[in-house]
Every structure is written in C-alpha cells, then in structure tokens.
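Participant: One structure, pasted below without further comment.
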Amino acid sequence: MTNFDAVAKEKELLAAANQWDTSSPVQARPGDVPIIDVGPYLQTGSANDRSAIADELRRASQEVGFHQVVGHGISADQQQQILAATGRFHALALADKRQILMDRPGWPTGGMGYLPLHERKLPRRAVGNANEAFLIKTDHHLSFDDNQWPADLPGFRETVESYATAIAALAQSLLPLYAVALDLAPDFFAEAFVDPFWRLRLTHYPGVDEHPDPADGAFGIAPHVDTTFFTLLLQDGPGLTIYSHQRNEWISVPVIDGALVVNSGELLRQWSNDRFLSTRHFANNVAPTSRYSVPFFFNANADFPMECLPSCHGPDNPPKYPTISYNQSQAVVQGE
C-alpha cells in the first residue's frame, strides 16, 4: 500500500477509459440492473426490513455496481418539477448562462455554476462532452448561498433547493442500509456524514435534431467511473449505458418510471477494499429532442479520513489503499 496520488489516479482512470470498447452496447435483460424497493425500510425503520433490503443491496453492489431504487419517497411531482427546472435553465440564452460560468475569474469557489456544451471536464477528456450542465454543491463550509444562481429565472432556485434538500435527506437515510450490507453496525457511517460533501448536476443532452454535428468521437458524457460514495440519478429518458461484469458487455439501462438509478463510486470501492464495485458507464442521447438528467453525487465529509472498513480487511486481505479524505483523493483533480 502506497501513498495516494490524486493526479496519478486521474491519469490511470483516463488511460483505462480510453481502452474500453463501447461500440456494441446491447439491451439489458430482466435482472441485469436489480430493482430494490427501499419503501418498507423507510416506512418502518425495522431491523428486519433493513436486513432484508441490505441483502439485496449487497448483491447489487458486489455483482453489478448499479441498481434502480423505488419506494424512495421522492414524489413524481417533485421529480417533474426538477426536470422542468432543468429545461427552463438550459432554455436561457447562452449569454445569460455564461454569466454564472463555472470556474470563472473572480468567483471564489470552483466546480459550481454553468458548464457549457463541449467542455472537457467532469469527466476530463480529450473530446468535449455533448452536454451542458448547471451544478451546485455544499459541504461543511459551503451553503446554497455560496453557489452561483441565474439572475432572472423565477422559482428556479427554490425548486432546485427543494429537490436538493429532499435527495440529500434520502441519501442520508440509505446509509444504514449500506452499513449493514457491509456487515457493519447500522450507524457506522453517521460520523462520516455529519456535513457531507455533495454535488447536484442539472444536465441537458441536446437531441440529434437540435445538435446534429457533434464533435467526432464525442459522447453525451464520456465513459468513466464516478468518484463518489454513491450517486443517485433521475433521468427522463434512455441514454445511460453501463458495463455488465456478469455479461462482459455494455448494456443499456432501462428507464423505470419514478425510479432513481444508483451506483457506487471509487470512494466506496476503495473504502470497502474493492468489495463494492465502481462500474464504468457513459451516456448518449440519440433521440431527436432533448434529454435531461439530474445526478446527485454523494460523499462523506470532505475532510473525513476514510480508513479501510473493518469488515473489509483481515490477515488474508490487507488494506489496498491508504486512509484518505475526499479532499486528498478527488478535490485536487475536480477543481474544488
């Protein structure tokens, strides 16, 4: 086990992604992307429901790295409101969106605001991604007020804050399931997520008829693995493709009305000593009209030292990664 080098890690992930053959995705079969109903546990909080759902989560996280969650309590109305708000923001004139450009000179914090079409970051690639996005984030010292917001879009901020608050609460409520799935006490992650770092991304993928000439080799969002503890994704149509370790091929994730797509990321994979997968994926839009998605990227407190989980190492399985925080592992390359 050696010291962690965040820049080297990013180069390693990029080099791996450039070798992935994504040319022949196939449709998912029933069961390829497990569907987990967390409703019984969220409603009762009972140990029996928690244990049963954790068993499903364990299998999904160890064998697939993705699942779809239902019974999560985010209403259809709230889902439609945030998707509509995403469309309203991206319908603004480009000049207006560029007023809150991400990483613009003079703004004190990076990684928030408007990310234009064909940007080559998040994830960083040689060819720009065929999407544009609006991003907010919070942690132990950043609040909603510290983010950039459009100047004249009535109700937008309220809608985004309402959804962000709801999805962050849901993420917190899932932590006991992850703890039990990893053979830990239900409250094991409580200290690590007192003031979690998270990012919400409102993404627009132009349709083929709206943007007919993308850059050669461009993806909607390039193949990558998330750097998160886990990600909760709301999407309004197909476009997400993941690598199936069980089938050894790329599969298109079906869209289930009301469901959130969930995947574990690099931080959880390393924290669990490779027990939980961090699965490669990408997104494209081949429809004639716009596709919108709203991923929520959830992490522990940015400065929390993530030491190899006690249930994930032993005499015959020593820790593979050093104890690190998000700030040490990802902030350096994410522009935090």
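Values in this text are rule-based calculations from the coordinates and carry no lab data. Treat the numbers as computed from the prediction; the structure is a model and nothing was measured. Backbone-built Cβ (ideal geometry, glycine too); neighbour counts: all protein chains shown.
Participant: For region 89-236, what is one quarter of the convex hull surface built on the Cα atoms, given in nm²?
Facilitator: Seen from a random direction, the Cα hull of region 89-236 projects 10.6 nm² on average.
Participant: Going by a ≥ b ≥ c, the root eigenvalues of the Cα gyration tensor, does region 12-93 fall in the rounded group (a/c under 1.5), the prolate group (a/b larger than b/c) or the oblate group?
Facilitator: oblate
Participant: Highest first, please rank the peptides 18-30, 301-313 by the mean number of other Cβ atoms sitting within 10 Å of their residues.
Facilitator: 301-313, 18-30
Participant: For the chain, what is the relative contact order in percent, using Cα pairs closer than 8 Å and at least 6 residues apart in sequence?
Facilitator: That works out to 24 percent.
Participant: Next up: Restricting to Cα pairs below 8 Å that are 6+ residues apart, what does the relative contact order work out to for region 170-287? Please round to a whole percent.
Facilitator: About 29 percent, as a whole number.
Participant: Once the dipole of the chain is set up with Lys and Arg at +1 and Asp and Glu at -1 on Cβ about the Cα centre, which of Ser329, Ala151, Gly39 lies farthest towards its positive end?
Facilitator: The residue sitting farthest along the positive end of the dipole is Ser329.
Participant: Mind checking the dipole of region 113-206: about its Cα centre, +1 per Lys or Arg Cβ, -1 per Asp or Glu Cβ, Debye to the nearest 20?
Facilitator: The calculation lands at about 580 debye.
Participant: If a helix is a whole DSSP H run, which ones in the chain reach 27 Å or further along their own axis (Cα) and hold a mean Kyte-Doolittle hydropathy of at least -0.5?
Facilitator: Qualifying helices: 156-181.
Participant: Let me ask something else about it. Classify region 206-336 as rounded, prolate or oblate from the Cα gyration tensor: take a ≥ b ≥ c as the square roots of its eigenvalues, call it rounded if a/c is under 1.5, otherwise prolate when a/b beats b/c and oblate if not.
Facilitator: Note, shape of region 206-336 comes out prolate.
Participant: About the Cα centre, and with charges only on the beta carbon of Lys, Arg (+1) and Asp, Glu (-1), how big is the dipole of region 233-328? Nearest 20 debye, please.
Facilitator: Using only the charged Cβ atoms, the result is roughly 180 debye.
Participant: Quick check on region 54-107: take the gyration tensor over C-alpha atoms, sort the square-rooted eigenvalues as a ≥ b ≥ c, and tell me if it's rounded (a/c under 1.5), prolate or oblate.
Facilitator: oblate
Participant: Can you find, among Gly65, Leu94, Ser75, the residue sitting farthest towards the positive end of the charge dipole of region 63-149, where Lys and Arg contribute +1 and Asp and Glu -1 at Cβ?
Facilitator: Sorting the options by dipole projection puts first Leu94.
Participant: Determine, for the chain, the count of lysine pairs separated by eight or more sequence positions (or lying on different chains) whose alpha-carbon distance falls under 17 Å.
Facilitator: 4
Participant: Among (i) 29, 22, 22; (ii) 47, 20, 17; (iii) 27, 26, 19, only one was calculated for this model; which label is it, if the read-out is semi-axes √(5λ) of the Cα gyration tensor in Å?
Facilitator: Of the listed options (i) 29, 22, 22; (ii) 47, 20, 17; (iii) 27, 26, 19, (i) comes from this structure.
Participant: Label-point separation (nm) for Glu249 and Asp303, each offset 7 Å from Cα along Cα-to-Cβ?
Facilitator: According to this spin-label approximation, the distance is 5.0 nm.
Participant: Another question, if that's okay. How large is the charge dipole for the chain, taken about the Cα centre, if only the Cβ atoms of Lys, Arg (+1) and Asp, Glu (-1) carry charge, to the nearest 20 debye?
Facilitator: Dipole size: approximately 480 debye.
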